[in-house]
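S.K.: For reference, the structure I am asking about is given below.
The values are calculated or read from the model by the stated rules, or taken from the named source; none is laboratory data. For clarity, every value in this text was computed on a predicted model and none was experimentally measured. Note: ideal-geometry Cβ built from the backbone for every residue, glycine included; neighbour counts use all protein chains shown.
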Amino acid sequence: MMPPSFFEVKPKVIYVTRNPKDVFTSSFHHGEAVPILVDPGPQTQFLHKFLDGKVIFGSWFDHVKSWLNAADEEHIMHISYEQMIMDLKDSIRNMAQFLQKPLDREAIEKIADRCLFKNMKKNNMSNFSTISREIVDQTKSDFLRKGIAGDWKNQLTPAEAAYFDAVYKDKMKDVKYKFVWD
């Protein structure tokens, strides 16, 4: 999926992970609002598709593991959505440092303010409000819904969460990386 020049130039990459249960939850709601995506159908059916990697963006597990196993660690920074929510300013500072782009306190403050979910939700450049309803139908679900970590707890039944955990444990058993949500 990457152009050959990517491997020659070796740009710095900031790879953002998110709790796969929350990725599932967001994907389920995006499927309702974005007609070009496959209709998610009933939640349990979509859960099986998601866990089997039979969704438009493929397997969350394969994607994450491929980036965690990338050999060029000095050019890849791993950060999670959850880390950014916990401490956005520190996350911005760490990303700037990784990119070797020093930022003063004022710049970090401005970036953090613009990246707050409540501000992104109001910003036409990030909320998809200027996109036609044929592409994103926000009458069915906001493109930017809640911006929280852990909303899967309001979405998945206890049985679905237990099934998800079992699949996650099996598919991630060979991963040594410690995620915030583990």
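Residues checked against (1) among the aliphatic types (A, V, I, L, M); (2) modelled with pLDDT of 65 or more; (3) within 20 Å of H29 (Cβ to Cβ):
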residue: E82; (1), (2), (3): no, yes, yes
residue: R114; (1), (2), (3): no, yes, no
residue: F117; (1), (2), (3): no, yes, yes
residue: L144; (1), (2), (3): yes, no, yes
residue: K153; (1), (2), (3): no, yes, yes
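S.K.: Answer yes if at least one residue in the stretch 169-180 is modelled with pLDDT of 95 or more and surrounded by 12 or more Cβ atoms within 10 Å (Cβ to Cβ), and no otherwise. Give the derivation first.
M.R.: Filtering the stretch 169-180 for residues modelled with pLDDT of 95 or more gives 169-173.
If we keep only those that are surrounded by 12 or more Cβ atoms within 10 Å (Cβ to Cβ) as well, we get 171-172.
Yes, the conditions are met somewhere in the stretch 169-180.
S.K.: Which residue pairs have Cβ atoms closer than 8 Å, lie 6 or more positions apart in sequence or on different chains, and pair a first residue in the stretch 159-182 that is outside any loop (DSSP other than H, G, I, E, B) with a second residue that is among the polar types (S, T, N, Q)?
M.R.: Note: pairs meeting the criteria are E160/Q43; E160/T44.
S.K.: What pairs come out if I take residues in the stretch 102-120 that are of a type in the set (G, A, S) and pair them with residues that are at pLDDT 95 or above whose C-beta lies under 6 Å away, six or more apart or interchain?
M.R.: Final answer for the pair search is A112/L88; A112/K89; A112/I92.
S.K.: Please go through the stretch 69-85 and give me each residue that is within 15 Å of the chain's Cα centre (by Cα) and either among the polar types (S, T, N, Q) or part of a helix (DSSP H, G or I) (or both), ordered by number.
M.R.: Matches in the stretch 69-85: S80, Y81, E82, Q83, M84, I85.
S.K.: Applying the selection to the stretch 44-64, what residues are in contact (Cβ under 8 Å) with a residue 12 or more places away in the chain and buried (at least 16 other Cβ atoms within 10 Å of the Cβ)?
M.R.: Answer for the stretch 44-64, where residues must be in contact (Cβ under 8 Å) with a residue 12 or more places away in the chain and buried (at least 16 other Cβ atoms within 10 Å of the Cβ): F46, L47, F50, L51, V55, W60, F61, V64.
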